[in-house]
Structures are given as structure tokens and as C-alpha cells.
Amino acid sequence: MAITAPANLVYSRPESMTNIATHYCPGCTHGIAHRLIAEVMDEMSIREMTIGVAPVGCSVFAYNYFNCDFVEAAHGRAPAMATGIKRVLPDRFVFTYQGDGDLASIGMAEIMHVAARGENITVIFINNAIYGMTGGQMAPTTLPGQKTTSSPSGRDVEQTGYPIRMAELIANMEGTSYSVRRSLHDHKQIRKAKKAIRTAFEVQKLDLGFAMVELLSTCPTNWGISPQESLQWVDEHMVPVFPLGDYKIAPIIRDLRV
Amino acid sequence: MPRELLKGNVAMAEAAVRAGVEAYFGYPITPQTELLEWMSHRLPELGRVFLQAESEVAAINMVYGAACTGVRVMSSSSSPGVSLMMEGISYIAGTELPVVLIDVVRGGPGLGNIAPSQGDYNQIVHGGGHGDYHSIVLAPSSVQEAIDLTVLAFDLAEKYQAIVVVMADGNIGQMMEPAELPPMLPIKSEYPEWAVRGAKGRDHRILTSIYMNPEDEEKTNLRILERWNKIEENEIRYREYFLDDAEFVVIGYGTAGRVAFSAVRSARAEGIPVGLLRPITLNPYPFAKVAELANQAHAFLVVEMNTGQMLQDVQLAVAGKVPVEFYGRLGGVVPYPDEVLNEIRRISHEPIAVGVDPRRNWMQRLKTEIS
Ligand SMILES: Cc1ncc(C[n+]2csc(CCOP(=O)(O)OP(=O)(O)O)c2C)c(N)n1
């Protein structure tokens, strides 16, 4: 019996993903995050109604992997670009996909204001505690003491401050309806992450305001450890600094069944 | 339409509304703010999009996003704000999108002041954001022309998938004059084949300015240049005044061009054979027209509200055939017609020093004049 017989099919490429192999490094969780978003788009049947906004960072080519319309923003400006699209096309689903350098450093003003306005878009925020694309420099989310190519003796908080907790910050904005932190370091967390992504898109569907899902992610290449160790590193080192949890869920969203 | 007494900024805003602008994103800055304020009530009233952004950086990126959907979209600002927009403008150029930007230029550099200036000629005409591209630049010298050029800007932007900057100065933005507004055009119901509006029943589309493969970027640069060549062939605009028999040619744009026009008229009344060329497109620049005038004129006088930024374009076109003199006022000071008239008298009566940078002589004269 062919393995692809419908009866045997337990896993396939979501329709919302293109049939292109990604350029991501082995063990990087960008691919998982992409897949979760694509599965949600499939389940909600919104692929043809969705416009994604790619960031500057390792996921700059995300648009190649999603089978929906996509634009590519300047570094940090994805929320502003998404605002322009959403305001003109309010009945489309608009989401940004951003790394921590993009969202929490150069794009801090844009992300805070898009939340303050309660812009009805969905933001998927990939926190890997490092600048991946440029080769592993310190990010605003780099942990105290963490070695990077621009903090070679470890992040010195006296000189460079502390990691920024975006899910908590965004939860403080009145325009935010949904702000949560999840992780991609094991299958249980991945399932929770998917549910959160689904909720964030449902929030948009119901016009309930701004929604962001922060996802703790790995960067084995720039962390200089194996994919397996990276997953452990997230659990042991990142989760204590970036606690997983729900930082804001508007009451009306609690009742959503996803 | 009847003529009404209109303020430049409001006139440009309403002209854009009537040209079918569907979305406006901006940030307050003098001397442009009335444009944003007009949009803040006018666009919502028509069911269109107005949003005050958190910065010019955000504003231009909102414009970028909206432009990707294929609608008519614009922003407006003044010099410091436009500096902040340069990154976004470059991305828009690289993605080959039509966008209209109105820059009501003020005194600079730095925070400068809020008085009329032409100090941003180099930034807007020759430069701007990074990378290899051109913006079409239109320079109005009256409220009526500001209206007409705003409407034209949308047509040119769409025709060439290009950025069109209406570069006014604080004077054009702030002054009130009788002018006629255009009829209200319907907003678009069809969108270009590149527009990103959701992949319903078609392949997904991508709009980007990144071409990692240098050969692809080279092709993109060539495509942009080819379009620019067409723009140069078809869209150069200028006004000529008393040039037929002119032995002396004054060149000025915007408010400086208008002041120069008064001076040229007075000089004609004195019997001086002088004419005026007023470029309307600063990019593409009327190089050929200036070169042609260099065959007939004894000398040129360039008048600007900066230290001689367009002067260099004129010198390029004149190519040393005849002397090119310069007169400018700076920092937000607008020259009086009498000052320009004195310069016309000087170049038509006195021998002109050759082989000297005209700016050096002008600086000496100006320093004595204002001391
Ligand atoms: C204005 C600007 N500054 C700097 C860069 C260089 N740059 C490209 S990606 C990047 C960091 C991206 O890091 P992050 O957002 O954490 O995403 P990751 O690559 O880790 O997925 C930087 C600094 C740029 N492209 N544009």
C-alpha cells in the first residue's frame, strides 16, 4: 500500500506553505513557527485573504515559504507597513513575523504604537536572544552574561542593560487584546504555541484589536551549540528570564474556543 | 470650478483628495501641518484612510504598505521629517511602487527654522535614500501650480511606478491665493497586476526590494533606469518668460523663480534684454533647454533660496560656454525682487569675472549687503 494513500496520511505540507525547502540552519525553530502559522491559515481557510509582512532578519525570505500574498518590510518597520495594508484592506488578515532585533530594538517605536492603536493585526515575534542574520551579535533580548560576537565576554548589564520582555510590555498597552509568550523547545510547548497563534488570528477575525505571540526560539548556529543542546538551553536559560504565560487576554477572548 | 482663496497646504491636500488619494499617513511639522490637518477630517468624511503616525519613519512605512495594495497613497512633511523618510523612500523605489510625497521645505540644516527655503534641492533632486534610483521632482511656484502638480504627481507616479515629490517651499505651503480646484475624480476600482490584496484565485504575490543575487539586482537597477529614461524623454517641464530675444537668462524655480519673474519684468521695463527659465520638473532637469539657451545668452543668473545647489546643474548644462552667476538667500530668507533686479543690472552692465566660482563672489556681495 502506498504510503501516500489518504488513509495513511498523518502529516503533509499545509496548503499555506509553498513547496520550497527553507534556507534555515539545521535545528533552527523558524521553520516550526512558519509551519504553525501555515496550519492555522489552513484551518481557518484564510490563505487567500491573508497578507504577511516579512522582517529584516533570518526570516527575511519568509515570503518564499508561505503560499499567501507577502510583502517585505524595512528593518523594524513591519508593524507600520502592516498598518498601511490593514487600514486600506480592513477585511484581510494581516500579520507580521519579526525577530527580536527587528521588533524590540530598531522597531521598538513601531511595535509599541501599533499595540497602542489597537491595530487589528497579528504579530508573531521570534525571540532567539540573538541577531541571527548578521552572525550572532547581541540583541535586546540577549541574556545577562550571554556571549555573542558583540558581547564577547558576556552581556554586561552595567554597560548594555537588561533583556527586554516584550510580551509583558505589550500587555500594558490598552490597545492590546492578546499578548502571550510560548516556546518552541518541545512538542508540548509547540502545541501550546500553535493554539496561541490560532487565538491571535481569531482575535483579528473578530476585530478585537492587537494580538502578539512571542515565541522563544533557537539559534544553534550562533549560540554555537547543537540543535539538541539549544532546545535544552531555551528551557534552562531562556524560560527563567522570559517566563512562559499569558500576559494579557481580553475577557472576550477567554471565551473563544479554539 | 470657481476660483477660491486657498492656502497652499490646504489646496494641495484637497487637490490630492480630488485626484483620488485613498490613504494618507503623516506626522505634524511646520510649515506643512495644515495639509495633515485637512486630511484628518476630509478623508474620514469620504470613508478613506487618514492616520497620524508616531513618526515620519512610521508614516512612510505605512505609505509603503498601503502602496503595495495598489491604491493611491501619499504623505507630506517638511525637511527634517523628510530626512527621516529617506529609508522608506529607498525601499519604495526598490519595490517599484507609485507614491506621492509633498515636501514643504524649510530652513536648515538641523532643526533650522520654519521659514521658506530651497535647501533640500540636493537631498530631493540628487539624492535621498540609498541605492540607485530617481524620484520625479515637481516644483510649484504658486498655489494654482501646487494644485495642478499634485494632481499630475499621482498620474506620473502610477504611469512610471515611481516616487513623485512635490517639492514646495514654506512660502507655497503657507500663502493664500485665488486658485481653482480640479473636479473630484472617482477612486480606483481596478488595481494593477502587481498589487498585493490577498491571493484569491491566483498565485501568491510578493512585493520586496531585496534581490540577493547581484545579477537580479542589476536587472532591477536596469529596469528602474529604463523607466527613468522614458521619464526623461517625456516628462521634462518648464516655463519660459521673455526668452525669445533674451541675451541674459535668469533661472529659478518655486518661490525664487516667482521672485525672479518680478525682477525680470522690471528689468525688461528698463530695456534689459533678459528672460526667465523656470524649471517645473527639477528631476528630470531641463538640461537640453539650458544648453540651448547657452548658445544665445551672454550670461546666466541662477537664483535660489540656498547656497547654489541647482547652480551646479546649470553649470553642467552650460558647460563653460558663457558665465553663470549666482544669487541666493539662505536660512529661510526670501529674496526681494529688487535684490534680483540689482543682480540682473549688474550682469548686464558690468563685466563678469570669469574663471571664479560664482558662489565666492556672491558670498562677498551678500556679506556686504547684509552686514
Ligand atoms: C537599517 C538596518 N540596520 C541594520 C541592518 C542589518 N541587519 C540585518 S538583520 C539584523 C538583525 C536581525 O536580528 P533579529 O531581528 O533578531 O532576527 P534573526 O536574524 O535573529 O531571525 C540586522 C542588524 C539592516 N538590514 N537594516
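Tabulated values for the structure
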| read-out | value |
| --- | --- |
| Residues satisfying the stated conditions in the range A:142-187, i.e. polar (S, T, N, Q), surrounded by fewer than 13 Cβ atoms within 10 Å (Cβ to Cβ) and part of a loop (DSSP other than H, G, I, E, B) | A:SER153 |
| A:ALA38 vs. criteria touching a helix residue (DSSP H, G or I) at 6+ places or on another chain (Cβ under 9 Å), within 23 Å of B:ILE89 (Cα to Cα) and small (Gly, Ala, Ser) | no |
| Some residue of the range B:180-191 being of a type in the set (Gly, Ala, Ser), buried (at least 18 other Cβ atoms within 10 Å of the Cβ) and not assigned by TED's automatic domain parsing to the domain that holds B:TYR285 | no |
| Residue tally, condition under 21 Å from A:PHE70 (Cα atoms) and either over 16 Å from the mean Cα position of the chain (by Cα) or among the charged types (D, E, K, R) (or both), over the range A:94-113 | 3 |
| Of all residues making up the range A:24-43, the number that are within 14 Å of chain B (Cβ to nearest Cβ) and touching a Leu at 6+ places or on another chain (Cβ under 7 Å) | 0 |
| Residue check, A:ASP69 more than 22 Å from A:GLU214 (Cα to Cα) and among the acidic types (Asp, Glu) | yes |
| Any chance A:ILE46 is within 11 Å of chain B (Cβ to nearest Cβ) and surrounded by fewer than 22 Cβ atoms within 10 Å (Cβ to Cβ) | yes |
| Residue in the range B:229-253 that is surrounded by the fewest Cβ atoms within 10 Å (Cβ to Cβ), counting only those that are in contact with a Ser or Thr (Cβ under 8 Å, 6 or more places away or on another chain) and in a loop (DSSP other than H, G, I, E, B) | B:GLU247 |
| Residue within the range B:311-318 that is surrounded by fewer than 18 Cβ atoms within 10 Å (Cβ to Cβ) and over 22 Å from B:ILE172 (Cα atoms) present | yes |
| Residues of the range B:186-206 satisfying the condition of being in contact (Cβ under 8 Å) with a residue 40 or more places away in the chain and within 14 Å of chain A (Cβ to nearest Cβ) | B:ILE187, B:LYS188, B:TYR191, B:PRO192, B:TRP194, B:ALA195, B:VAL196, B:ARG197 |
| Residue count for the range A:100-134, restricted to those that are in contact with a His (Cβ under 8 Å, 6 or more places away or on another chain) and β-branched (Val, Ile, Thr) | 2 |
| Hey, A:ARG181 within 14 Å of chain B (Cβ to nearest Cβ), more than 13 Å from the ligand (Cβ to nearest atom) and of a type in the set (Lys, Arg) or not | no |
| In the range A:110-155, the residues that are over 25 Å from A:ALA200 (Cα atoms), of a type outside the set (A, V, I, L, M, F, W, C) and in contact with a Cys (Cβ under 7 Å, 6 or more places away or on another chain) | A:GLY132 |
| Residue that is farthest from the other protein chains (Cβ to nearest Cβ) [pool: residues in the range A:51-108 that are among the charged types (D, E, K, R) and either within 16 Å of the ligand (Cβ to nearest atom) or in contact with a strand residue (DSSP E or B) (Cβ under 8 Å, 6 or more places away or on another chain) (or both)] | A:ASP100 |
| Flag for B:LEU51 being within 26 Å of A:ALA115 (Cα to Cα), within 14 Å of another protein chain (Cβ to nearest Cβ), more than 16 Å from the chain's Cα centre (by Cα) and in a strand (DSSP E or B) | yes |
| Candidate set from the range B:207-228 (those that are aliphatic (A, V, I, L, M) and loosely packed, with under 12 Cβ neighbours inside 10 Å); member that is nearest to the other protein chains (Cβ to nearest Cβ) | B:MET212 |
| Lone qualifier among A:ARG155, A:ARG165 - being of a type in the set (D, E, K, R) and either within 16 Å of the chain's Cα centre (by Cα) or under 30 Å from A:ILE252 (Cα atoms) (or both) | A:ARG165 |
| Residue list for the range B:146-184, restricted to those being within 18 Å of B:PRO98 (Cα to Cα) and outside any helix (DSSP H, G or I) | B:GLN161, B:ALA162, B:ILE163, B:VAL164, B:VAL165, B:VAL166, B:MET167 |
| Whichever residue in the range A:72-119 is buried (at least 23 other Cβ atoms within 10 Å of the Cβ) and among the polar types (S, T, N, Q) and, among such residues, is nearest to A:MET44 (Cα to Cα) | A:THR96 |
| Failed item in (1) near the ligand (Cβ under 8 Å from one of its atoms); (2) under 23 Å from B:ARG202 (Cα atoms), with A:VAL40 passing the rest | (1) |
| Qualifying residues in the range A:109-136 (those that are near the ligand (Cβ under 7 Å from one of its atoms) and away from chain B (no Cβ under 14 Å)) - the one farthest from A:MET212 (Cα to Cα) | A:THR134 |
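For every residue, the table says whether it meets (1) within 17 Å of the chain's Cα centre (by Cα); (2) crowded, with 23+ Cβ neighbours inside 10 Å; (3) within 14 Å of chain A (Cβ to nearest Cβ); (4) not in a loop (DSSP other than H, G, I, E, B).
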{"site": "B:VAL10", "(1), (2), (3), (4)": "no, no, no, yes"}
{"site": "B:ALA13", "(1), (2), (3), (4)": "yes, yes, no, yes"}
{"site": "B:TYR24", "(1), (2), (3), (4)": "no, yes, yes, yes"}
{"site": "B:THR30", "(1), (2), (3), (4)": "no, no, no, no"}
{"site": "B:TRP38", "(1), (2), (3), (4)": "no, no, no, yes"}
{"site": "B:ARG42", "(1), (2), (3), (4)": "no, no, no, yes"}
{"site": "B:GLY47", "(1), (2), (3), (4)": "no, no, yes, no"}
{"site": "B:TYR64", "(1), (2), (3), (4)": "no, yes, yes, yes"}
{"site": "B:GLY94", "(1), (2), (3), (4)": "no, yes, yes, yes"}
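The values are calculated or read from the model by the stated rules, or taken from the named source; none is laboratory data. What you see is a predicted model, and the numbers here were worked out from it, not measured in a lab. Positions of Cβ are generated from backbone atoms using ideal geometry, with glycine treated the same way; all protein chains shown enter the neighbour counts.
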